[in-house]
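The values are calculated or read from the model by the stated rules, or taken from the named source; none is laboratory data. Being a predicted model, the structure only gives us computed values, none of them experimental. Cβ coordinates were reconstructed from backbone atoms using ideal geometry, including for glycine residues, and neighbour counts include every protein chain displayed.
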Amino acid sequence: MSKKRGAQPELYKRNVIKAARTKGIGYVNHSGREINAVKIGPDCGCKKLCFKRISEHEQIDIFTKFHDFESKNTQDGYLAGLIEKEDVVRRRPRKSDGQPKPRALNYRYHVVTGDAGRVEVCKKAFCSLFGITNERVRRICHCVKNNVRPCDSRGRTASTNATPQEVLPIIEEHIKTFPTKISHYSSK
Ligand SMILES: [Zn+2]
């Protein structure tokens, strides 16, 4: 890319923030607020003993590998591959009034460990081990449910308010006309 970093400090800053969020490292956001680095969350404490079944070394490994992915899209695609939807088959699909019962959909969450391979964990442990929010998991589950690839809504928002490359020279040309106008008015 021939683009100079210094030429677009805002775009550069946006990319730095985006990369930091993908990596889970600390950064200062657009409003100047300091965002802490992401860490492995608390033990789920559930009866499946998810955290006990995965050694501390493996937990760090899971977390580190995930945050080493180059983009949030890759991370989301990876997460989607670890979530399985499960239709709960109802024995009696129809009630007495003839209305079909709503289908229940369960999700099964997994992590991949070096020792045991794919291991099922609860949703809380899934969030904790990757250091991700419930909301992100909910969004990915929605994609899994509809058999679509998880898309980066965050990245899309960023690109819509980014100034397209073609428009920049036009804006620059326009800005150049300003001093002339000002001197024109001030000379009166
Ligand atoms: Zn658990």
Practice problem: Check Ala162, Ala116, Ala158 and return the single one that is at pLDDT 55 or above and surrounded by 10 or more Cβ atoms within 10 Å (Cβ to Cβ). | Solution: Ala116
Quiz item: For region 120-155, which residues satisfy the criterion of being crowded, with 18+ Cβ neighbours inside 10 Å and assigned to a strand (DSSP E or B)?
Solution: Val121
Practice problem: Look at region 42-69 and say how many of its residues are outside any helix (DSSP H, G or I) and either within 13 Å of the ligand (Cβ to nearest atom) or farther than 20 Å from Ile25 by Cα (or both). | Solution: 10
Quiz item: Are any residues in region 52-87 over 20 Å from Arg136 (Cβ atoms) and not hydroxyl-bearing (Ser, Thr, Tyr), and if so, which ones?
Solution: Lys52, Arg53, Ile54, Glu56, His57, Glu58, Ile60, Asp61, Glu86, Asp87
Practice problem: Can you run down the residue pairs with Cβ atoms below 7 Å, 6 or more apart or on separate chains, where the first is in region 123-138 and of a type in the set (S, T, N, Q) and the partner is assigned to a helix (DSSP H, G or I)? | Solution: Thr133/Cys127; Asn134/Cys127
